[in-house]
4 protein chains.
Amino acid sequence: MTSPISRIAIATGGGDAPGLNAVIRAVVLSATRLGWECHGIRDGFNGLLAPGQCDGDPVLRLDASAVHGIGHLGGTILGSTSRGNPMRFPVEQPDGSVAEQDLSDELAALCRARGFDALVVVGGDGSMAIADCLRGKGLAVVGVPKTIDNDLDHTIQTFGFDTATGFATACIDRLHTTADSQHRVMVVEVMGRYAGWIALHAGLAAGAHAILLPEIPFDPGLVAAAIARRDAQGRRHAIVVVAEGAQPQGGRRMLVAAAAPGRAERLGGIGAWLEAELAARTGKECRSVVLGHLLRGGSPSACDRVIAARFGAAAVRVLARGEAGVMVTLAEHDIGTVPLAEVAGRTRRVPLDGDTVRTARELGICLGAEA
Amino acid sequence: MTSPISRIAIATGGGDAPGLNAVIRAVVLSATRLGWECHGIRDGFNGLLAPGQCDGDPVLRLDASAVHGIGHLGGTILGSTSRGNPMRFPVEQPDGSVAEQDLSDELAALCRARGFDALVVVGGDGSMAIADCLRGKGLAVVGVPKTIDNDLDHTIQTFGFDTATGFATACIDRLHTTADSQHRVMVVEVMGRYAGWIALHAGLAAGAHAILLPEIPFDPGLVAAAIARRDAQGRRHAIVVVAEGAQPQGGRRMLVAAAAPGRAERLGGIGAWLEAELAARTGKECRSVVLGHLLRGGSPSACDRVIAARFGAAAVRVLARGEAGVMVTLAEHDIGTVPLAEVAGRTRRVPLDGDTVRTARELGICLGAEA
Amino acid sequence: MTSPISRIAIATGGGDAPGLNAVIRAVVLSATRLGWECHGIRDGFNGLLAPGQCDGDPVLRLDASAVHGIGHLGGTILGSTSRGNPMRFPVEQPDGSVAEQDLSDELAALCRARGFDALVVVGGDGSMAIADCLRGKGLAVVGVPKTIDNDLDHTIQTFGFDTATGFATACIDRLHTTADSQHRVMVVEVMGRYAGWIALHAGLAAGAHAILLPEIPFDPGLVAAAIARRDAQGRRHAIVVVAEGAQPQGGRRMLVAAAAPGRAERLGGIGAWLEAELAARTGKECRSVVLGHLLRGGSPSACDRVIAARFGAAAVRVLARGEAGVMVTLAEHDIGTVPLAEVAGRTRRVPLDGDTVRTARELGICLGAEA
Amino acid sequence: MTSPISRIAIATGGGDAPGLNAVIRAVVLSATRLGWECHGIRDGFNGLLAPGQCDGDPVLRLDASAVHGIGHLGGTILGSTSRGNPMRFPVEQPDGSVAEQDLSDELAALCRARGFDALVVVGGDGSMAIADCLRGKGLAVVGVPKTIDNDLDHTIQTFGFDTATGFATACIDRLHTTADSQHRVMVVEVMGRYAGWIALHAGLAAGAHAILLPEIPFDPGLVAAAIARRDAQGRRHAIVVVAEGAQPQGGRRMLVAAAAPGRAERLGGIGAWLEAELAARTGKECRSVVLGHLLRGGSPSACDRVIAARFGAAAVRVLARGEAGVMVTLAEHDIGTVPLAEVAGRTRRVPLDGDTVRTARELGICLGAEA
């Protein structure tokens, strides 16, 4: 199929996620085979909007050599992913202060000036909103979903989640013998502000005794009772996995979910709260471990690299067939697409009547509330 | 729901696979919560049919303590998985020779004599045939699919595959720099007699330059040409991933797939053949590595542990609701079942028009035949 | 060589450490080959002193079968390692209160009553003091050094340290890309109350930009200046590795080292303090991660398993040649011994004029104080 | 200390080894701090002797940016390590044939022409001989020892060995359950042509039942007898670790050690021979796995990165104090040096009266010959 495209750009936004480089590599390799020229915008959209902030070239020419051997590396060769929301871009004012401005028109103009026929935007909820905004300004844009938390709607999985879950599981595996040898309760806080996918999967994989999700407001008394029951059976340690956004019933921490990203980690999150709460209720030594920062980095798992490669190739395929304004998605057997406009603001939460939650209950794992 | 079941047994058959212990643990924990008594039959069905061959108790009582902390361990606490096909059981004859006999009636009788109300059989194609045979003799049987090759029909994934693919990927990752520093072609033979899932996923994840599947008879000349093309571009190493059952066009190795399990590994399989063939055709130093045996063991990945737990809990759930004669399966969002009779002899091959194969082509990976 | 020994017991004390099972296995296998009978005392010395607190047998018979396949497992098959100091044993008084009593005479008597000709005690500083006390009461005792922190004197390395350092390094590796993508300073707190071996080795291995050790009281201003220097060069993230027991100059945290074990972790340790301090001084986003609990568990590294096996075999060898009252040690080329009495209260700190510290300085890593 | 050096070059020779990049990084960072300018010679010495063979610049300018984030990567940023022995350099003759010539004078001249005041040569036995030759021609040269096999004399350890041993151990760990479930004997061939360090350490760490080293010509009958003994005890699998250069008594494979590097792997090495031999002698199913190629790549372990960093910094330190013509070495507590002339042709073999071999015997591991 002929396509009018000859020059595209890739931008990555939002937090770090294992598999970003594998997406970039797949986009570049498959676009190059179609004869397209690829470019990477550095530091989110900063490379175009504030080129002076980048060290070196603000836009990188990406050919097969540039993406050679990067598929297994964590991070992204395009630098920081967390800056440069063009819709709220920090601009220095005449008086020296900094104010946020909507630079999306400027961004669209800069893309045209650079001769980019299309844009591949890799990111989460927020990046898809930006992508949709640029689409509205006439750019051919295709989105690639990225969220370690696995909470983007319309896709059954995104890259990064498997790696994060695997590492969280490896960490909890290590805590078992230590908790056991000290007769302790270990509270392990993992990522998941709005959805508890990582907590549920890592907790189930690593044999946690309680798993607390944002989807199920929990009763600390039930968790303490589950621990006491184990104790009475001579099992003197327990592992409690709690998602960052889980909340006790009654709402004393309802502010957590509303807090700025990372705020819970910084101020003492739900893990620290639960450590104190369970210590008081059970009389046992409790310790909390916060895995948050450890779960974003690292070499992507094979599973995540395959998803990333499929998404990258699919983004190019979508553009090649003249489609745009969509995000690529993963379904059971195939890759699909969904209009960008339908993605924003939708969170895919753990279904409470789903099989995995049911399995956790049937294995006797405390979920913090009666079924 | 009340259920007439009060005593069940678990048997594991076929080769080793990461996640077997996680299945056993899930069956035992969820059955115990229903008040059932669980037993494990050791060494496939040997524990019942030839108890003298087992070291110690031929049938193990399995309670929560017995399965404590086993979820992350490779292997199976029920011992050897590869013996004791009751339909072709080796029995010593009066004259001292050994002949295979159908002991399935005896096995069914032994299960009844032990008071087993139901049987959970974890295994592949062959084990499901045995399970179906026992079902025909009036036993309540539920199957749990197990195949590292991921080639069982009716289920989108089985436990063990993700771990095997992950380790194969880790091995290929390691070979890149070594092949590069020596300017070599590395041929990596992985498991997959009838279906190339591991080769395709590990090859895609690890950046292989050619991937050869049982589903696509390959032209060695095309593979050599792909390597020569890389060479001409100054990339002087190449990684070729080949599934155990891949065959060159023209059929010179058609006998491989028909060989006894493991025969290719033993006699010098397709990897060694290809090493010689590519060396002759490209003039480059080629080396082959056979990963087969390394892919069956090891601690299961988080993903495989979750699948295993879901399958184990589902098997008990199926029995509890009075269903039997089925194998549990994994679909996109949920667990399902399929009659045992429909499982046997069906292989789930890699779909050549599927998205993953398409991605491999679009990334420029040589698949050994023109699209 | 003939030896009068026919029956020995093994006890493990202190915190969890990867390699304990490998030591136990080596002791049992080599003692069994000499015809000795081996027993394991459970839960530190609780198995003898308070058998009612153990679930099941308080003393385990250990033969080759009992230690089969345990060498690569974390934890210890002898249960909790942290209870049962016989010199300060918690005993319930007639009035219901609990008071610590010296039960070392009782313990020695119990060992004799059980017919133990010798005792192998695996543990740290404190356990060696107990071992020395029992030696004083006429028991043949040999010690095996155990400290993840690597701070026991007289031995160049102990098992557990390499595994802990390896996992800390893996964690810091993961933090690099995440810190980079967010332009953050990551403060990583690792174990090491009195000696900074883990911080130094993991920091050096993982490319940390500052490493703070208990051996060098640090100036936070110098650390902040080092971060600012990186920033000025366009490197906008930094990794600071800090040992649990590191202290700022001027002593505001002098109480840390004196605190009860783990207290720093619980109350907010040096990592959290430094996060706040560096944020204030550099104006950059800082985050701290505490790895403490994650470093004690897990499957021991090959290196640690070899050390553990050598120590276990050496302990038996020492007893077989009629020596006792010593701890086995590792020197450059061989295993040695040192009298138990010389071990207690000696900490092996990082030598500030040693080659590894010098290397860190020469690589430009900030050590928190002028050389 | 002032030093007349202002410009140095680094070359890496011999096979791939995990830690090469960490050495390069340490050399560059510490030399840069002294104000020196660093260069890397690509593809062994090809970058100078045959610049046309390199893709791009034959000599790379190496500053802090160039070595940023490479410490944990396998391979070497200087490209192929296996080409370019200047003493036997392949040169095309007028008649089109290729003949080896001694280009060491030319190489020394090229180094001078480039203004290199000193050379850091990272490599094994052969590279040290080249280094010594260049020293003889008046260049300031310092060597850094590199051998995965750990068989270089004068140094107690080199980088790469720990990573290789760790991965071999991980592979053997995986083979245990698979061998067990199939009642098989697994023969695992590892690197080690002249010295059995990897076989001994990985075998000991992973619980092998027999370990065969180049240092101990073995009797296959003893190995078979050890397997039969296990079988009689109901342990129906066995793991035999054999170094590439191990030989049966009587010498039927004496040619192996003399063969060209890698020849054993290619032709069917000692592993395949032993598989057949043990199958015939024990009547059990035997399988061999060759790990050779898998052991050279991969991210270096923390231990290897620390050694590599120390060696790299030491090489610069040695040059800075005006010393040259030496190789840096690792002793128990410190870094030392040894004249290059004393390194060549000396192999550090496993001492048969050393503690590690003794431990293996005491644990009941068959070493293939009576003690």
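The values are calculated or read from the model by the stated rules, or taken from the named source; none is laboratory data. Just so we're clear, the structure is a prediction, and the values are computed from it rather than from any experiment. Please note: Cβ atoms are built from the backbone with ideal geometry, for glycine as well, and neighbour counts cover all protein chains shown. Note: accessible area is taken over every heavy atom of the protein model, side chains too, but ligands, DNA and RNA are not part of it. Shrake-Rupley method; radii C 1.70, N 1.55, O 1.52, S 1.80 Å.
Among the residues of the range A:147-157, none qualifies, meaning not one is outside any loop (DSSP other than H, G, I, E, B) and acidic (Asp, Glu). Of all residues in the range C:151-169, those being polar (S, T, N, Q) and under 16 Å from D:Ser301 (Cβ atoms) number 4.
Rundown of residues vs (1) touching a strand residue (DSSP E or B) at 6+ places or on another chain (Cβ under 9 Å); (2) at pLDDT below 95; (3) assigned by TED's automatic domain parsing to the domain that holds C:Ile172; (4) among the polar types (S, T, N, Q), yes/no style:
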position	(1), (2), (3), (4)
C:Arg235	no, yes, yes, no
C:Ala238	yes, no, yes, no
C:Ala243	yes, no, yes, no
C:Glu265	yes, yes, yes, no
C:Gly269	yes, yes, yes, no
C:Leu278	yes, no, yes, no
C:Gly292	yes, yes, yes, no
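Annotation: of all residues in the range A:119-135 being within 16 Å of the chain's Cα centre (by Cα) and open to solvent by 20 Å² or more (accessible area, probe 1.4 Å), the one that is nearest to A:Arg348 (Cα to Cα) is A:Asp125. When every residue of the range C:151-159 is checked against the conditions, none turns out to be charged (D, E, K, R), within 12 Å of another protein chain (Cβ to nearest Cβ), open to solvent by 10 Å² or more (accessible area, probe 1.4 Å) and touching a residue at least 12 places away in the same chain (Cβ under 8 Å).
Identification of strands (runs of 3 or more DSSP E) wholly contained in the range C:25-118 with 3 or more residues that are away from chain A (no Cβ under 14 Å) and surrounded by fewer than 16 Cβ atoms within 10 Å (Cβ to Cβ) yields C:98-101. For A:Glu362, the conditions (1) more than 30 Å from B:Gly71 (Cα to Cα); (2) buried (at least 22 other Cβ atoms within 10 Å of the Cβ); (3) acidic (Asp, Glu) are fulfilled apart from (1). Comparison of B:Val188, B:Val240 shows that the only residue that is buried (at least 24 other Cβ atoms within 10 Å of the Cβ), within 14 Å of chain D (Cβ to nearest Cβ) and within 19 Å of B:Ala371 (Cβ to Cβ) is B:Val240. Only one entry in A:Val343, A:Val338 is crowded, with 23+ Cβ neighbours inside 10 Å, among the β-branched types (Val, Ile, Thr) and closer than 26 Å to A:Val28 by Cβ, namely A:Val343. Within the range B:319-363, the set of residues being in contact (Cβ under 8 Å) with a residue 12 or more places away in the chain, farther than 22 Å from B:Thr158 by Cβ and not in a helix (DSSP H, G or I) comprises B:Arg321, B:Gly322, B:Leu363. Regarding the range D:163-185, can at least one residue be identified that is of a type in the set (S, T, N, Q), within 23 Å of B:Thr178 (Cβ to Cβ), away from chain B (no Cβ under 12 Å) and touching a Phe, Trp or Tyr at 6+ places or on another chain (Cβ under 6 Å)? Checked the range D:163-185: no residue is of a type in the set (S, T, N, Q), within 23 Å of B:Thr178 (Cβ to Cβ), away from chain B (no Cβ under 12 Å) and touching a Phe, Trp or Tyr at 6+ places or on another chain (Cβ under 6 Å).
Counting only helices (runs of 4 or more DSSP H) wholly contained in the range A:160-247, the ones carrying 1 or more residues that are without any contact (Cβ under 8 Å) to a residue 12 or more places away in the chain occupy A:161-182, A:220-232. Every condition in (1) away from chain A (no Cβ under 14 Å); (2) assigned to a strand (DSSP E or B) is met by C:Ala308 except one, and the failing one is (2).
Residue-wise test of (1) of a type in the set (D, E, K, R); (2) within 9 Å of chain D (Cβ to nearest Cβ).
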{"site": "C:Val316", "(1), (2)": "no, yes"}
{"site": "C:Gly336", "(1), (2)": "no, no"}
{"site": "C:Ala344", "(1), (2)": "no, no"}
{"site": "C:Leu352", "(1), (2)": "no, no"}
{"site": "C:Arg358", "(1), (2)": "yes, yes"}
{"site": "C:Leu367", "(1), (2)": "no, no"}
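Number of residues in the range A:291-304 that are of a type outside the set (Ser, Thr, Tyr) and either within 7 Å of another protein chain (Cβ to nearest Cβ) or without any contact (Cβ under 8 Å) to a residue 12 or more places away in the chain (or both) equals 7. With respect to being on the phi < 0 side of the Ramachandran plot, hydroxyl-bearing (Ser, Thr, Tyr), without any contact (Cβ under 8 Å) to a residue 40 or more places away in the chain and surrounded by fewer than 20 Cβ atoms within 10 Å (Cβ to Cβ), A:Ser6 falls outside the description.
Against the test of being at pLDDT 95 or above, among the small types (Gly, Ala, Ser) and in contact with a Pro (Cβ under 7 Å, 6 or more places away or on another chain), the options B:Ala302, B:Ala308, B:Ala320, B:Ala313 yield a single qualifying residue, B:Ala308. Determine, yes or no, whether A:Leu367 is open to solvent by less than 10 Å² (accessible area, probe 1.4 Å) and either of a type outside the set (Gly, Ala, Ser) or modelled with pLDDT under 95 (or both). Considered against the rule, which asks whether it is open to solvent by less than 10 Å² (accessible area, probe 1.4 Å) and either of a type outside the set (Gly, Ala, Ser) or modelled with pLDDT under 95 (or both), A:Leu367 comes out as yes.
Kindly check whether there is at least one residue in the range C:136-145 that is among the aliphatic types (A, V, I, L, M) and either surrounded by fewer than 24 Cβ atoms within 10 Å (Cβ to Cβ) or at the interface with chain A (Cβ under 9 Å from one of its Cβ atoms) (or both). Looking through the range C:136-145, at least one residue is among the aliphatic types (A, V, I, L, M) and either surrounded by fewer than 24 Cβ atoms within 10 Å (Cβ to Cβ) or at the interface with chain A (Cβ under 9 Å from one of its Cβ atoms) (or both).
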